[in-house]
Amino acid sequence: MRVLLLISEVWNDKKHPNNNMSNWFDGIADVELATIYASPGYPDNKCCTRYFQLTEASMVRSLFLRNRAGHSFIINNSRNSNQGSQPKPTHIYRLFKSISNEFIRLIRDIIWKIGRIDNKRLEQFINEFHPDIIFTQRMGSVKMCRIERLVKTFTDVPMVAYTGDDEYSLKQYNVSPIYWVRRFWVRNELKRNIPMYDLFYSQSETQMREFREEFGSNTKFLVKCGAFDKDRIHKSVNNPIQITYAGKLYCNRWKTLALIAECIRQVNQDNLILQLKIYTRDKITERQSKFLNDGTNCIIMGGVTADELKYVYSSSDILLHVESFDKANSLLTKYSFSTKIMECLSSGCAVMAVGSKNQAGCSYLRKQDAAFVASSKDDIMMILHNICSTQELILEYAQKAYECGIRNHRRQDIQSMLKSDFNQLICNGNY
């Protein structure tokens, strides 16, 4: 089976170790891959050797020079060299990525809309690979919508889409008029593309229902897979109970951690029963340190390597997954199923998720009874008091996290589902 992947960012597992593509396709049998991606940088993964690359810099140059954007290259099996020049990030890309205001994002959208793509090279790349099916993973954007339509003009094979974001609804909170110009623009671009999708994967049941109702789309639930080892399940609890968060503090997640730290301080008024340790490479502000780093109840440990993190998890009791409670970020991430959830479920620890009731990841964990789930300060306090008075609950939920992983996220099961779904579309022309 030849699968053509369309992705927005470079597929580099060293820089982006939570890459969905490797999670789904690494080790999958009887599948050959080729990738079209729309960013600078050099791919580094075990799954794919054929690439066609588009970049913002090449799109800008195409507006002023005769050269059109896009080139193909092949990475040989040694993974130490490649045929063709190695693409590298450009000053233009780094500049655009460093400036995050809505006006710059709009300029980027316009560049991707009007830049001149080398259609002949792209068509040649597609024809030489001769795909059986297209799999496109993206947050809705002008860039990806244009690439999807262009690829569809060169091959009429089925197209499957996947998203983990709210890319279409108007249930967002932002005061910038340019934000809403872009939102409606992307919404209209997606409206044009959705009829092309023979199957639409989502990690949110709410989003699946909305797309079925509005567009009659064929939808299906898809999340990451993991490796689950029964021997990892923890059999004892530390004193004090070790609660661990490892990850970024953006989207005001640090404020959720601050709320948890406040609750822990209240529980620990007489004795040190609980301790929260935060592992992050993010730069810590004075304000964040004030709430998150008191040296006893809550401690910021800094960043660790992937190997060091395995040891951290092995010595933890509860792993935290947190989302923001503020309105703007809650709406922005409501359909998100964080890659951190899979990491937590496969750790052998109990899991505690804190976020809004309707947030997709938290809702899933609550439905599966795979974690302690809190949607308010009162919920957090109740959970902390329960685990302090009955520590066996921690071991019980470590077992439940493992069982959820085995039930829903085994690699062989998800890869088998993907191949079965793709085969049905290829053979039958419908799902």
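Compute and list, largest first, the equivalent-ellipsoid semi-axes of the chain from the alpha carbon gyration tensor, each √(5λ) rounded to a whole angstrom. Intermediate results must be reported in sequence, preceding the final value.
On the way: eigenvalues 313, 116, 91 Å².
Rounded to whole Å, the semi-axes are 40, 24, 21.
Note the full-extension length gain between Phe184 and Ile114 as 0.36 nm times their separation in residues minus their Cα-Cα distance, in nm to one decimal. Please list the in-between numbers first.
Values: separation 70, 0.36 × 70 = 25.20 nm, distance 1.80 nm.
Residue separation times 0.36 nm, minus the Cα-Cα distance, leaves 23.4 nm.
Given only helices, namely DSSP H runs of n ≥ 4 each adding -39500 (n - 2.57), what is the per-residue ellipticity at 222 nm of the chain, to the nearest 500 deg cm²/dmol? Can you show the working numbers first?
Details: 17 runs with 189 residues, N = 431.
Mean residue ellipticity at 222 nm (helix-derived): -13500 deg cm²/dmol.
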- Query: With every protein chain present, what accessible area does Ile107 have (1.4 Å probe, heavy atoms only), rounded to the nearest 10 Å²?
  - Reply: 60
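May I ask you to rank Tyr201, Tyr250, Tyr313 by accessible area, largest first, using a 1.4 Å probe over the protein chains only? List each step's numbers first, then the result.
Numbers: Tyr201 0, Tyr250 120, Tyr313 25 Å².
Sorted descending by solvent-accessible area, the residues read Tyr250, Tyr313, Tyr201.
Figure the gain on full extension for Lys367 and Asp307 (residue separation times 0.36 nm, minus the Cα-Cα span) and round it to one decimal in nm. Working shown, then result.
On the way: separation 60, 0.36 × 60 = 21.60 nm, distance 3.15 nm.
Full-extension gain reported as 18.5 nm.
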- Could you please report the charge total around Asn428, scoring K, R as +1 and D, E as -1 over all other residues with beta-carbon less than 12 angstrom from its beta-carbon? -2
- Message: What does the net charge come to around Ile243 if you take all other residues with beta carbon closer than 10 Å to its beta carbon, with K and R at +1 and D and E at -1?
- Response: 0
- The value for region 283-431 (convex hull of the alpha-carbon atoms, volume per residue, Å³) is 165
- Query: Using the heavy atoms of the protein chains alone and a 1.4 angstrom probe, what is the accessible area of the chain per residue in square angstrom?
  - Reply: 46
- Task: For Ala246, enumerate residues with amide H under 5 Å from its amide H, sequence gap 5+ or separate chain, H modeled in the peptide plane.
- Result: Tyr279, Leu320
- Item | Neighbourhood net charge (11 Å Cβ-Cβ; Lys/Arg +1, Asp/Glu -1) for Gly303 | +1
- Item | Simple label model, 7 Å out from Cα along Cβ direction - Tyr173 to Cys427, nm | 4.9
- Query: For region 368-374, in order, what is each residue's ³J(HN,Hα) by Karplus, 6.51 cos²θ - 1.76 cosθ + 1.60 with θ = phi - 60°, in whole Hz (x at glycine and Pro)?
  - Reply: 7, 6, 9, 7, 6, 10, 10
- Counting only residues 5 or more apart in sequence or on a different chain, those whose built amide H sits under 5 Å from that of Leu5 are Ala34, Thr35, Ile36, Phe135
- Message: Show me, for region 317-325, the HN-Hα J-couplings you get by feeding each phi into the Karplus relation (A = 6.51, B = -1.76, C = 1.60, θ = phi - 60°), rounded to Hz, glycine and proline as x.
- Response: 9, 10, 9, 9, 10, 10, 10, 6, 9
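Just the number, please: carbon plus sulfur as a percent of the accessible area of region 226-295, 1.4 Å probe, no ligands or DNA/RNA counted.
On the way: 1670 of 3880 Å².
Roughly 43 percent of what the probe reaches on region 226-295 is carbon or sulfur.
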- How are the Cα pair distances of region 203-323 distributed, in percent, across 10 Å bins from 0? 11, 34, 27, 18, 9, 1
- Whole-Hz Karplus couplings 3J(HN,Hα) for region 165-181, θ = phi - 60° and coefficients 6.51, -1.76, 1.60, Gly and Pro as x, run 9, 7, 9, 10, 5, 9, 7, 10, 10, 7, 8, 7, x, 5, 4, 6, 4
- FRET efficiency for Glu205 and Asn386 from the Cβ-Cβ distance with R0 = 41 Å, rounded to 0.05, comes out at 0.90
- Distribution of pairwise C-alpha distances over region 377-431, 10 Å bins, in %: 20, 25, 21, 16, 14, 5
- Query: What residues qualify as long-range amide H neighbours of Ala374, i.e. H under 5 Å apart, gap of 5 or more or another chain, H built at 1.01 Å from N?
  - Reply: Ala353, Val354, Gly355
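Calculate, in nm to one decimal, what Ser314 and Lys152 gain on full extension: separation in residues at 0.36 nm each, minus their alpha carbon distance.
On the way: separation 162, 0.36 × 162 = 58.32 nm, distance 4.73 nm.
Fully extending the segment from Ser314 to Lys152 adds 53.6 nm.
The values are calculated or read from the model by the stated rules, or taken from the named source; none is laboratory data. Just so it is clear, the structure is predicted and the values come from calculations on it, not from any experiment. Because the Cβ atoms are built from the backbone with ideal geometry, glycine has one as well, and the counts that use them run over all protein chains shown. Note: areas computed on protein heavy atoms with side chains; ligands, DNA, RNA excluded. Shrake-Rupley method; radii C 1.70, N 1.55, O 1.52, S 1.80 Å.
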